[in-house]
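Heads up: the structure comes next, in structure tokens.
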Amino acid sequence: MVLIDSHSHIYSEEFDSDRGEVLARASEAGVKYHILPNVDSTTTSRLLDTSLVYPHCYPLMGVHPTSVTSDFERELLHVEDQLRSRKFYGVGEVGIDLYWDKTFIEEQKEAFAHQVRLAKQYQIPLVIHSRNSIEAIFEILDKEIDSSLSGVFHCFSGSIEHYSHIREYKSFKVGIGGVVTYKNGGLDSVLPHVDIADILLETDLPYLSPVPVRGKRNESYNLIYIALKIADILGISVQDVARQTFQNTQSLFKLPIQ
């Protein structure tokens with residue numbers, strides 16, 4: 001059984017003392033590949049260094065919505081420069097966050113729309129952060145959607161109606177992480193209506209650790225708990241979850257995996 005962690009911040013400082021060991025533990029559990037979304041210009045060097053040392057880690061480029069402030073245009077120029085200079089497998093992590101701070105909501109919308117267009121220009125998928133903002137995300141995507149645009153709604157925790165809207169885009173997936181294991185996460189009533197062909201597995205490490213390790217630093221090793229929970233909810237084998245989500249992730253990001 002081989003798994004792909006479709007959303008990992010393994011390059012972050014939390015793993016400076018044991019990054020290799022964390023990735024080795026994940027590999028032993030079958031998590032062989034990792035998608036690494038960027039945060040902003042301050043994390044790019046760490047992101048690229050990590051993906052160079054560990055070639056089974058695939059970098060994305062983007063500016064996270066919580067990094068969007070009054071000088072966001074400088075961050076967007078950095079994203080553009082990076083996309084021109086080397087290979088990235090997607091534009092992310094991008095989107096709108098209305099949970100932490102709404103001060104720069106208009107700037108967030110502008111930054112997101114700009115990065116949507118970059119994804120279309122480079123023909124690579126979006127990784128969308130939509131915390132408390134999925135309707136605002138839809139408003140922009142509804143205007144931009146065409147056959148060149150694809151992506152995933154990272155940390156999806158929306159309703160059946162939200163999922164139905166995402167399906168209308170035809171080329172978008174939903175990322176399911178630790179929240180699916182939480183007693184009051186709400187996904188246990190939504191997932192039975194979600195096609196397994198639309199699901200990617202993710203940890204969002206070092207955040208959102210699943211049960212039974214909730215409260216501890218998250219690792220890609222824990223992806224197995226998420227896969228097991230999805231299998232239980234959908235009434236299928238964990239091997240089927242692994243096989244289909246691997247295919248979904250490899251296809252979306254066009255990963256060079258034999």
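The values are calculated or read from the model by the stated rules, or taken from the named source; none is laboratory data. Computed from a prediction, not measured in an experiment: that's the story for all the values here. Here the Cβ is made from the backbone with ideal geometry for all residues, glycine too, and neighbour counts use every protein chain on show.
Can you work out which of the residues in the range 120-143 that are of a type in the set (S, T, N, Q) and buried (at least 17 other Cβ atoms within 10 Å of the Cβ) is nearest to Y58 (Cα to Cα)?
So, considering only residues that are of a type in the set (S, T, N, Q) and buried (at least 17 other Cβ atoms within 10 Å of the Cβ), the one nearest to Y58 (Cα to Cα) is S130.
Based on what the data block shows, is D97 of a type in the set (D, E), in a loop (DSSP other than H, G, I, E, B) and more than 20 Å from the chain's Cα centre (by Cα)?
No, not satisfied.
Taking only the range 19-48 into account, find how many residues are basic (K, R) and more than 19 Å from the chain's Cα centre (by Cα).
Of the residues in the range 19-48, 2 are basic (K, R) and more than 19 Å from the chain's Cα centre (by Cα).
I'm trying to understand the selection: among the residues of the range 14-37, which are buried (at least 19 other Cβ atoms within 10 Å of the Cβ), assigned to a helix (DSSP H, G or I) and out of contact with any Cys (no Cβ under 9 Å at 6 or more places or on another chain)?
F15, V22, A26, listed by residue number.
So, in the range 125-144, how many residues would count as being part of a loop (DSSP other than H, G, I, E, B) and touching a strand residue (DSSP E or B) at 6+ places or on another chain (Cβ under 9 Å)?
So the count comes out to 4.
What residue, of G20, G95, G62, is in contact (Cβ under 8 Å) with a residue 60 or more places away in the chain and not β-branched (V, I, T)?
G62
Being of a type outside the set (S, T, N, Q), at pLDDT 95 or above, over 15 Å from I140 (Cβ atoms) and not in a helix (DSSP H, G or I) is the filter here; which residues of the range 64-91 pass it?
Hits for the range 64-91 are H64, R86, K87, F88, Y89, G90.
Looking at the range 199-212 only, could you name the residues that are assigned to a loop (DSSP other than H, G, I, E, B) and farther than 17 Å from E14 by Cα?
Residues satisfying the conditions are E202, P210, V211, P212.
Modelled with pLDDT of 95 or more and touching an Asp or Glu at 6+ places or on another chain (Cβ under 8 Å): does that describe H114?
No, not satisfied.
Quick grid of which residues meet (1) in contact with a His (Cβ under 9 Å, 6 or more places away or on another chain); (2) modelled with pLDDT of 95 or more; (3) not in a helix (DSSP H, G or I):
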position	(1), (2), (3)
V152	yes, yes, yes
G158	yes, yes, yes
H162	no, yes, no
R167	no, yes, no
G175	yes, yes, yes
V179	no, yes, no
K183	no, no, yes
P192	no, yes, no
A197	no, yes, no
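I'd like to know if the range 38-52 contains one or more residues that are surrounded by fewer than 24 Cβ atoms within 10 Å (Cβ to Cβ), in contact (Cβ under 8 Å) with a residue 12 or more places away in the chain, in contact with a His (Cβ under 9 Å, 6 or more places away or on another chain) and of a type in the set (D, E, K, R).
yes
Please tell me if F246 is within 23 Å of L36 (Cα to Cα), among the aromatic types (F, W, Y) and in contact (Cβ under 8 Å) with a residue 40 or more places away in the chain.
In short, yes.
Looking at (1) over 13 Å from the mean Cα position of the chain (by Cα); (2) surrounded by fewer than 24 Cβ atoms within 10 Å (Cβ to Cβ), which is the only condition Y11 fails?
With respect to (1) over 13 Å from the mean Cα position of the chain (by Cα); (2) surrounded by fewer than 24 Cβ atoms within 10 Å (Cβ to Cβ), Y11 is out only on (2).
Anything in the range 219-241 that is more than 15 Å from the chain's Cα centre (by Cα) and closer than 19 Å to L36 by Cα? List them, or say none.
Across the range 219-241, the qualifying residues are Y221, N222, I224.
Looking at the range 208-239 only, could you name the residues that are closer than 16 Å to D5 by Cα and free of Cβ contacts under 8 Å to residues at least 60 places away in the same chain?
L208, S209, P210, N218, N222, Y225, I226, L228, K229, I230 - these are the residues of the range 208-239 that are closer than 16 Å to D5 by Cα and free of Cβ contacts under 8 Å to residues at least 60 places away in the same chain.
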